[in-house]
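See below for the structure under consideration.
We did not get these values from a lab; they are worked out from the coordinates using the rules stated. Note that the coordinates shown come from a computational prediction; the quantities given were computed from them, not determined experimentally. Positions of Cβ are backbone-derived with ideal geometry, glycine not excepted, and every protein chain shown enters the neighbour counts.
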Amino acid sequence: MALTTRLTERLGIEHPIISAPMAFAAGGRLASAVTAAGGLGLIGGWYGDGDWLEQEFREAGNARVGCGFITWSLAKAPHLLDRALAHRPRAVFFSFGDAAPFAGDVKAVGAALILQVQTLKDAKAALDLGADVVVAQGAEAGGHGERRATLTLVPEVADAIARGGYGTLLCAAGGIADGRGLAAALMLGADGAVVGSRLWASSEALVHRNMLDRAIAATGDDTVRQKVTDIARGYDWPERYDIRVVRNAYVDRWLGREEEMRAAGEGERQRYAAGVSAGDASIGAAICGEAAGLIHDVRPAGEIVAALVGQAESLLGRAGRFVRT
Ligand SMILES: Cc1cc2nc3c(=O)[nH]c(=O)nc-3n(C[C@H](O)[C@H](O)[C@H](O)COP(=O)(O)O)c2cc1C
């Protein structure tokens, strides 16, 4: 059986799963494992280190992987895109900012242009920009995002694509960690899913074991969207975005006192960085979404993809949808 959608056909992949380009966590090993498992693996380009990016493309070897950028950050160091494009990525994924200055270069090398959005308004802009794939990201997601929920944003964007007659494909992101979520995403009108948190908790991800243990012990209730983590890291994120993490003592200490924390300045940033280096999960953030409540172990990415697809196939097969025998 195969779960065939327009995404699998258009991208030439087996399963309608794209791994999120997770900053610091998604290197070449994870991306190539997801591609080998039949999905599309993406390397996280994070805040810009060209040498790291090239090293991770080399790590992925011959696997057909892509990469992602935090768009507002790439705008400060646009040459990084050329370094990525030199590796002939299968796709380039942009989120959190205006991708218009970069879209043409991505298309020129034949890579798929994937634009992640958090609102209907931005989805429309992405469609007009000529995205090959729009990713509608709900607030359940791990990492940065906004306020809309996956369950309503995905079908609203699907309707906008249909009404406008666009050939653009749609993926859902935010809270998809098992076959129920994947099946639901397809039923909402998506052609596939972007999976972050579940693959963050994989053997191939670049994540400290203590952070993984913290997320596995947590439920969705224990996660929170907040700005403390970015202030602690010294990142100047645009106001509209915050970041979902598993709560810990550090977040609890500063939540609601962000101005005071900013005023604490360099000392606080150093304390956070030292906690992260030491793998101290009471300080460093486990960057995982509400899916924390659905994640009970760390497994190889290939097994995670197979389990997601197997469960979705059986659910959708019963519904008589999408599954080809
Ligand atoms: C650890 C982590 C880091 C992330 N970093 C990025 C990033 O650098 N760029 C990006 O576009 N999205 C990033 N995201 C968000 C993902 O693109 C995606 O929307 C999200 O993971 C989907 O929700 P889920 O975590 O519930 O699967 C990150 C997510 C996680 C969990």
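Could you check the stretch 227-250 and list, in sequence order, the residues that are assigned to a helix (DSSP H, G or I), within 22 Å of the chain's Cα centre (by Cα) and within 23 Å of A217 (Cβ to Cβ)?
Step one: of the stretch 227-250, the residues assigned to a helix (DSSP H, G or I) are 228-233, 249-250.
Within this subset, residues satisfying the condition of being within 22 Å of the chain's Cα centre (by Cα) are 228-233.
Residues satisfying the conditions are V228, T229, A232.
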If we keep only residues of the stretch 270-292 that are surrounded by fewer than 18 Cβ atoms within 10 Å (Cβ to Cβ) and in contact with a helix residue (DSSP H, G or I) (Cβ under 6 Å, 6 or more places away or on another chain), then the residue farthest from L199 (Cα to Cα) is S282
All strands (runs of 3 or more DSSP E) inside the stretch 19-111 with 2 or more residues being within 12 Å of the ligand (Cβ to nearest atom) and surrounded by fewer than 15 Cβ atoms within 10 Å (Cβ to Cβ): none
Looking only at residues that are of a type in the set (K, R) and in a helix (DSSP H, G or I) in the stretch 176-226, which one is farthest from A23 (Cα to Cα)? R180
Can you tell me how many residues within the stretch 155-189 are touching a strand residue (DSSP E or B) at 6+ places or on another chain (Cβ under 9 Å) and within 12 Å of the ligand (Cβ to nearest atom)? 9
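What number of residues in the stretch 161-175 are in contact with a Ser or Thr (Cβ under 9 Å, 6 or more places away or on another chain) and assigned to a helix (DSSP H, G or I)? Don't jump to the end; show me each part of the working.
Here is the first cut: in the stretch 161-175, the residues in contact with a Ser or Thr (Cβ under 9 Å, 6 or more places away or on another chain) are 161, 169, 172-175.
Now narrow it down to the ones that are assigned to a helix (DSSP H, G or I): 161.
Final tally of qualifying residues: 1.
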Do any residues in the stretch 25-47 that are among the charged types (D, E, K, R) have Cβ atoms under 8 Å from those of residues that are away from the ligand (no atom under 15 Å from the Cβ), where the two are at least six apart or on different chains, and which pairs are they? R29/E59; R29/A60
Given the criteria within 14 Å of the ligand (Cβ to nearest atom), within 24 Å of F96 (Cα to Cα) and surrounded by 15 or more Cβ atoms within 10 Å (Cβ to Cβ), does R247 qualify? no
Take the residues in the stretch 117-154 that are crowded, with 18+ Cβ neighbours inside 10 Å and of a type in the set (S, T, N, Q), then tell me which one is nearest to the ligand (Cβ to nearest atom). Q137
Per-region count, the stretch 120-136, residues under 16 Å from the mean Cα position of the chain (by Cα) and without any contact (Cβ under 8 Å) to a residue 40 or more places away in the chain: 1
